[in-house]
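J.: Below you will find the structure I want to go over with you.
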Number of protein chains: 2
Amino acid sequence: MVTQKATNIRWHQGAIARDDRERLNSHRGFTIWFTGLSGSGKSTLAVALEEALYERGLRTYILDGDNIRHGLNKDLGFSPEDRTENIRRIGEVANLFSDGGIINMTAFISPYRHDRQTARELSMDGSFIEVFVDCPVEVCEQRDPKGAYKKAREGIIKEFTGISAPYESPENPEIHLHTDQETVEACVRRILDYLTRHNFIPA
Amino acid sequence: MVTQKATNIRWHQGAIARDDRERLNSHRGFTIWFTGLSGSGKSTLAVALEEALYERGLRTYILDGDNIRHGLNKDLGFSPEDRTENIRRIGEVANLFSDGGIINMTAFISPYRHDRQTARELSMDGSFIEVFVDCPVEVCEQRDPKGAYKKAREGIIKEFTGISAPYESPENPEIHLHTDQETVEACVRRILDYLTRHNFIPA
């Protein structure tokens, strides 16, 4: 008898779905996709935004170079093909976190419009928020927090976005920030305003 | 002045860490790695376990063929190399969910001991629970919920684990289930007992 029960093992009626997880969290799962040049402030904004969301008791996660480039995508370089595959995988993982009911933020240059569009199309309609972290390349190069622009100018780093590789600006981002003119706090406030106005998070 | 503030844009002091997310969720983030033959009951158990955890108010997510093989790993087939890369990526994503403070379950055959070991090593010490969903291949073939064994016998599906490709049984799984002898409910109860006894979830 026991064997018979176990043989009839495939029942999926009890499956917990995305809206169950979102109900438990009291907010939707969605992606905030930061895009912009190296040094424009993507990671800084993601960290500051995550802190503000966490203080509201919301469930968050940041996908960034630290946990993706050295892990999931450690087999990828910086050629156009590898950049595309890099962003494809990040888009897929972001979508899994959204499906998991988690507010996920991605902080990658993601220079190609087509790749960002691919990531957007993976998300459920409306659960992808593109944030253009706009900052003139001269200002980014002046900041040069990791010394990467210096190395790019010296030719030590090849295919560096903004110097020796293209960056395609978003045409219709949900949010357009100017980090050479706005403070981190002001940028975070604008994103939070957007999220509450569009019912992504409770007011 | 505004420009200067923004120039000094890299501060990460406020970063929310794994233990912050775990505190918010009132439980640890960890991986329950189901491994076993096709038809052994991995997905069924993951779904039933998720329901039980959800009812306790815990944050969960299942990684399975439905959301991985058709998405993140859609570029991979079933050759030994592709199986290894498949499991590597799943291990990386599972680890991201653990880092996100989420109880994540993976339901993949994951036939190679070495690959499961790689996934285990990605996790923080002790946050990887291997569950051997043990069931004789004859019983799995009799169940054949997807008609896959039939196709494997007919040679339509090549490199099918248990028929034409190897399965390496876990040597020291944290939990060893016999789904030809135990009901789904009994298996779930044993996993929940393990999780509470080892303080992965509140009693």
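J.: What order do you get for A:ILE90, B:ILE201 when you list them from fewest to most C-beta neighbours inside 10 Å? Display every interim value, and only then the final one.
T.: Numbers: A:ILE90 26, B:ILE201 17.
Exposure proxy ranking, most exposed first: B:ILE201, A:ILE90.
J.: Work out the mean other chain Cβ neighbour count within 10 Å for the residues of A:96-103 and drop it here as an integer.
T.: Working: counts 10, 6, 0, 4, 10, 4, 7, 0.
Average neighbour count from other chains, rounded to a whole number: 5.
J.: Among B:ALA52, B:ALA152, B:PRO80, pick out the residue whose Cα is farthest towards the positive end of the charge dipole of segment B:16-197, where Lys and Arg carry +1 and Asp and Glu carry -1 on C-beta, about the Cα centre.
T.: B:ALA52
J.: Please determine, in degrees from 0 to 90 and to the nearest 10, the orientation of helix A:113-122 with respect to the longest principal axis defined by the Cα atoms of chain A, where the helix direction is its Cα long axis.
T.: Around 10 degrees separate the two axes.
J.: Mind putting a number on the dipole of chain B about its Cα centre? Charges go on the C-beta only, +1 for Lys and Arg and -1 for Asp and Glu, and I need it in Debye to the nearest 20.
T.: Values: 26 positive and 31 negative charges, 136 e Å.
About 660 debye.
J.: Using DSSP to call loops (not H, G, I, E or B), can you name the trypsin sites (Lys or Arg not before Pro) in segment A:151-197 whose Cβ has at most 14 other Cβ atoms within 10 angstrom?
T.: On the way: sites: A:LYS151, A:ARG153, A:LYS158, A:ARG189, A:ARG190, A:ARG197; in loops: A:LYS158.
When the trypsin sites (Lys or Arg not before Pro) of segment A:151-197 are filtered for loop state and at most 14 Cβ neighbours within 10 Å, A:LYS158 remain.
J.: My understanding is that a pair violates if its Cα-Cα distance is over 30 Å; which of A:LYS74/A:LYS150; A:LYS74/B:LYS74; A:LYS151/B:LYS74; A:LYS74/B:LYS150; B:LYS42/B:LYS158; A:LYS74/B:LYS151 do that in this structure? Please list the in-between numbers first.
T.: Numbers: A:LYS74/A:LYS150 24 Å; A:LYS74/B:LYS74 18 Å; A:LYS151/B:LYS74 36 Å; A:LYS74/B:LYS150 38 Å; B:LYS42/B:LYS158 21 Å; A:LYS74/B:LYS151 36 Å.
Pairs exceeding 30 Å: A:LYS151/B:LYS74; A:LYS74/B:LYS150; A:LYS74/B:LYS151.
J.: Right, something else. If you rank A:SER123, B:SER38 by fewest surrounding Cβ atoms within 10 Å, what's the result? Present the calculation step by step, with values, prior to reporting the outcome.
T.: On the way: A:SER123 19, B:SER38 26.
In increasing order of surrounding Cβ atoms, one gets A:SER123, B:SER38.
J.: Of the candidates A:ASP64, A:ASP20, A:ASP134, which one comes out as most mobile in a Gaussian network treatment of chain A with C-alpha springs shorter than 10 Å?
T.: For chain A, modelled as a Gaussian network with Cα springs under 10 Å, the answer is A:ASP20.
J.: Let me ask something else about it. How large is the dipole of the protein assembly as shown about the Cα centre if only Lys and Arg carry +1 and Asp and Glu carry -1, each at its Cβ, rounded to the nearest 20 debye? Spell out each step's value before the answer.
T.: Working: 52 positive and 62 negative charges, 58 e Å.
That gives the protein assembly as shown a dipole magnitude of about 280 debye.
J.: Determine the gain in length on full extension of the stretch A:LEU24-A:GLU159; use 0.36 nm per residue of separation and subtract their C-alpha separation, reporting nm with one decimal.
T.: Working: separation 135, 0.36 × 135 = 48.60 nm, distance 4.41 nm.
Length gained, A:LEU24 through A:GLU159: 44.2 nm.
J.: What residue among A:GLY71, A:GLY100, A:GLY39 shows peak mean-square fluctuation when chain A is described by a Gaussian network model with Cα springs under 10 Å?
T.: Of the options given, A:GLY71 has the highest mean-square fluctuation.
J.: Could you tell me how many degrees, from 0 to 90 and to the nearest 10, lie between the Cα long axis of helix A:184-197 and the main elongation axis, the longest principal axis, of the Cα atoms of chain A?
T.: Between helix and principal axis, roughly 40 degrees.
J.: How far, in degrees from 0 to 90, does helix A:42-55 lean away from the longest principal axis of the Cα atoms of chain A, to the nearest 10?
T.: Orientation of helix A:42-55: about 40 degrees from the principal axis.
J.: Report, in whole Å, the centroid distance computed from the Cα atoms of segment B:85-104 and segment A:71-133.
T.: 16 Å
J.: Which whole-number percentage describes the relative contact order of chain B, with Cα contacts under 8 Å and a sequence gap of 6 or more?
T.: Values: 294 pairs, mean separation 59.9, N = 203.
Normalised by residue count, the contact order of chain B is 30 percent.
J.: Rg over Rh of segment B:16-197, using C-alpha atoms and the Kirkwood radius, what does it come to? If you can, show how the numbers build up before the last one.
T.: Values: Rg = 16.1 Å, Rh = 16.7 Å.
Looking at segment B:16-197, the ratio lands at 0.96.
J.: Can you pull out the GluC sites (Glu not before Pro) in segment B:63-170 whose DSSP state is coil and whose Cβ has at most 16 other Cβ atoms within 10 Å?
T.: Working: sites: B:GLU81, B:GLU85, B:GLU92, B:GLU121, B:GLU130, B:GLU138, B:GLU141, B:GLU154, B:GLU159, B:GLU168; in loops: B:GLU154, B:GLU159, B:GLU168.
Here the GluC sites (Glu not before Pro) that fit, given the DSSP loop and packing criteria, are B:GLU154, B:GLU159, B:GLU168.
J.: Rank these for me by crowding, B:MET124, B:MET105, going from fewest to most other beta carbons within 10 Å. The partial results should precede the final answer.
T.: Details: B:MET124 14, B:MET105 28.
Starting with the residue having the fewest Cβ neighbours, the order is B:MET124, B:MET105.
Read-outs throughout are calculated quantities, based only on the coordinates presented, and are distinct from any laboratory measurement. Because the structure is predicted, anything quoted here is derived from the model rather than measured. Cβ coordinates were reconstructed from backbone atoms using ideal geometry, including for glycine residues, and neighbour counts include every protein chain displayed.
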